[in-house]
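Worksheet: the structure to be examined is printed underneath.
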Amino acid sequence: MERQAEINLIKEILSYEADKSTDMQSHCSSIAVDGYTRNDQFEQELQLFKEMPIIVGHCSQIPEPGDYFTRDICQVPVLVLRQKDGSLKAFINVCKHRGGRLVRESSGQGLRSLVCQYHAWTYETNGQLRGVPHRDGFSDMPDRCKSLTELPLSERFGFIWLRLSPITADDRNSGFENTLEQLLGDTIISDLEGYQMDEHVVFDPKDFHRPINWKLAVDTFMENYHVRKTHKETIDFMFLDTVGSYKQFGLQQRNLYPKKSIRSLREKDESEWHIREHGNFLYLLFPNTLLLIEPDHINVSIVYPDGIGHTQLINFTLLPEAPSEKGTAYFRKNNEILYRALEEDFSMALDVQSGLHSGACEEFLHGRFEQGLRYFHENIEGLLQK
């Protein structure tokens, strides 16, 4: 963030706090509850995931040739593998013979070839078919069976981005990179570059599976109205009640949830103002990645739909460097609070999920200061209507 923009944002928050107000829209908004329950809409949302660049991990998770991880995302089994030349490739983790799974482990190192567990077809790490037992029985094999289905991939800002539909010639000619840049836009790109996350390392990763619609998982991040009640035992003591700033850049969002300590800046010269010390930025990288910017680390939550009423959430912390023994203890203690707060959010989302089919609500209301929710759902609806 540019320095003057940072100072202006702090002034904005201090003004809200003094006036007992916050960043608000002119009117409330609402969304239809059946948007969480309709199978036809969910199928359309899955298609969005298959058409857009999404984050699947961080580059520090597979730093060396032969390092890999697998994910099952939106009904697509994915394998991401570091190549001999240091580049990355992503494939659908499916053999081209009879659809067998190639790699069953969730992660590993030193992979030199890909061997199907069904009939032992073997592929090079670049996806090219190398060996077929009793190959004479496949003498007229079509070319499409001689290589794995590759997915377009890019390493940007420390993250691994891919699309869940097969790579095209346009993707190979920078089309996927251009799509990613257009999706993010100049402001978000500048912000992400400023955090230097390509120099960070992953710490304390965890996977969660919960019986909730994926949008309910995202919803819990998109407003701070719930903090006072839901998080009264964990993080409420740190934050101003419902005060915030909500900015939208195309499909992307940057919300600021200020801490009570920001009041102390009134007594300091502007040269000493640093927003990261006195508030958490929450970025939504549409549609499903949430970055929570803390003073000395970054928490990453990636939400994947796993059925209309089931969600997988990948969570990890990014640190500027591998922590010492003392640092490990410090960040683990910090994450204990984070994961307690996350479970509090899951508890509320489970409550909402249990009532979706009750008929009690035909719509959910978004207050004038809950515009993060409004932007998120309006953007989904806008894309589904195209």
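The values are calculated or read from the model by the stated rules, or taken from the named source; none is laboratory data. If you're wondering where the values come from, they're calculated on a predicted model, not measured in any experiment. Here Cβ is always computed from backbone atoms with ideal geometry, including for glycine, and neighbour counts include all displayed protein chains. Each accessible area value is taken on the protein alone, full model and side chains, heavy atoms only, with ligands, DNA and RNA left out. Shrake-Rupley method; radii C 1.70, N 1.55, O 1.52, S 1.80 Å.
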Segment 128-155 - residue that is more than 27 Å from the chain's Cα centre (by Cα) and among the small types (Gly, Ala, Ser) and, of those, surrounded by the most Cβ atoms within 10 Å (Cβ to Cβ): Ser147
Output for segment 350-386, where each listed residue is small (Gly, Ala, Ser), open to solvent by less than 40 Å² (accessible area, probe 1.4 Å) and in a helix (DSSP H, G or I): Gly355, Gly372, Gly382
task: For residues that are in contact with a strand residue (DSSP E or B) (Cβ under 6 Å, 6 or more places away or on another chain) and buried (at least 20 other Cβ atoms within 10 Å of the Cβ), tally how many sit in segment 223-242.
output: 4
- request: Only residues in segment 26-40 that are closer than 15 Å to Tyr375 by Cα count as the first member; pair them with residues that are in a helix (DSSP H, G or I) and among the basic types (Lys, Arg), Cβ under 6 angstrom, at least 6 apart or cross-chain, and list the lot.
  value: Ser29/Arg374
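For (1) of a type outside the set (D, E, K, R); (2) within 30 Å of Gln47 (Cβ to Cβ), each residue gets a yes or a no:
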| position | (1), (2) |
| --- | --- |
| Asp306 | no, yes |
| His310 | yes, yes |
| Glu321 | no, no |
| Thr328 | yes, no |
| Glu344 | no, no |
query: Are there any pairs, at least 6 apart or on different chains, whose C-beta atoms fall under 7 Å, with the first in segment 133-153 and farther than 15 Å from Tyr123 by Cβ and touching a residue at least 24 places away in the same chain (Cβ under 8 Å) and the second loosely packed, with under 15 Cβ neighbours inside 10 Å and among the hydrophobic types (A, V, I, L, M, F, W, C), and if so, which?
result: none
- request: Give the residues of segment 329-349 that are over 16 Å from Phe221 (Cα atoms) and either open to solvent by less than 40 Å² (accessible area, probe 1.4 Å) or in contact with a Lys or Arg (Cβ under 9 Å, 6 or more places away or on another chain) (or both), sorted by residue number.
  value: Phe331, Asn335
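Taking the conditions exactly as written (at pLDDT 95 or above and within 14 Å of Ile13 (Cβ to Cβ)), does Ser301 satisfy them or not?
In short, no.
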field: Residues (in a loop (DSSP other than H, G, I, E, B) and either closer than 30 Å to His274 by Cα or of a type in the set (Gly, Ala, Ser) (or both)) located in segment 13-52
entry: Lys20, Ser21, Thr22, Asp23, Met24, Gln25, Ser26
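Looking only at segment 55-66, how many residues end up being open to solvent by less than 10 Å² (accessible area, probe 1.4 Å) and either over 16 Å from Phe316 (Cα atoms) or touching a His at 6+ places or on another chain (Cβ under 8 Å) (or both)?
2
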- prompt: Could you say whether any residue in segment 186-205 is under 16 Å from the mean Cα position of the chain (by Cα), closer than 24 Å to Ser107 by Cβ and part of a loop (DSSP other than H, G, I, E, B)?
  reply: no
Positions within segment 173-194 being farther than 21 Å from Leu48 by Cα and loosely packed, with under 15 Cβ neighbours inside 10 Å, in sequence order: Asn173, Asp186, Ser190, Glu193, Gly194
statement: Filtering segment 257-294 down to residues that are in contact (Cβ under 8 Å) with a residue 24 or more places away in the chain and over 28 Å from Gln312 (Cβ atoms) yields Pro258, Ile262, Arg263, Leu265, Arg266, Glu270, Trp273, His274, Ile275, His278, Gly279
message: Can you list the strands (runs of 3 or more DSSP E) lying wholly within segment 80-183 that have 1 or more residues being out of contact with any helix residue (DSSP H, G or I) (no Cβ under 8 Å at 6 or more places or on another chain) and not polar (S, T, N, Q)?
response: 88-92, 129-131, 159-162
message: So, in segment 72-100, how many residues would count as being without any contact (Cβ under 8 Å) to a residue 40 or more places away in the chain and among the basic types (Lys, Arg)?
response: 2
query: Of the residues that make up segment 263-285, is at least one of a type in the set (A, V, I, L, M), surrounded by fewer than 22 Cβ atoms within 10 Å (Cβ to Cβ) and under 24 Å from Gln61 (Cβ atoms)?
result: no
- line: Taking segment 78-112 and keeping residues among the acidic types (Asp, Glu) and open to solvent by less than 20 Å² (accessible area, probe 1.4 Å) leaves none
field: Hey, Lys247 within 15 Å of Glu370 (Cβ to Cβ) and either surrounded by fewer than 18 Cβ atoms within 10 Å (Cβ to Cβ) or modelled with pLDDT of 95 or more (or both) or not
entry: yes
field: Given (1) open to solvent by 40 Å² or more (accessible area, probe 1.4 Å); (2) in contact with a strand residue (DSSP E or B) (Cβ under 8 Å, 6 or more places away or on another chain); (3) in a helix (DSSP H, G or I), number of the condition Pro323 does not satisfy
entry: (3)
task: Determine, yes or no, whether Leu291 is open to solvent by 10 Å² or more (accessible area, probe 1.4 Å), aliphatic (A, V, I, L, M) and at pLDDT 95 or above.
output: no
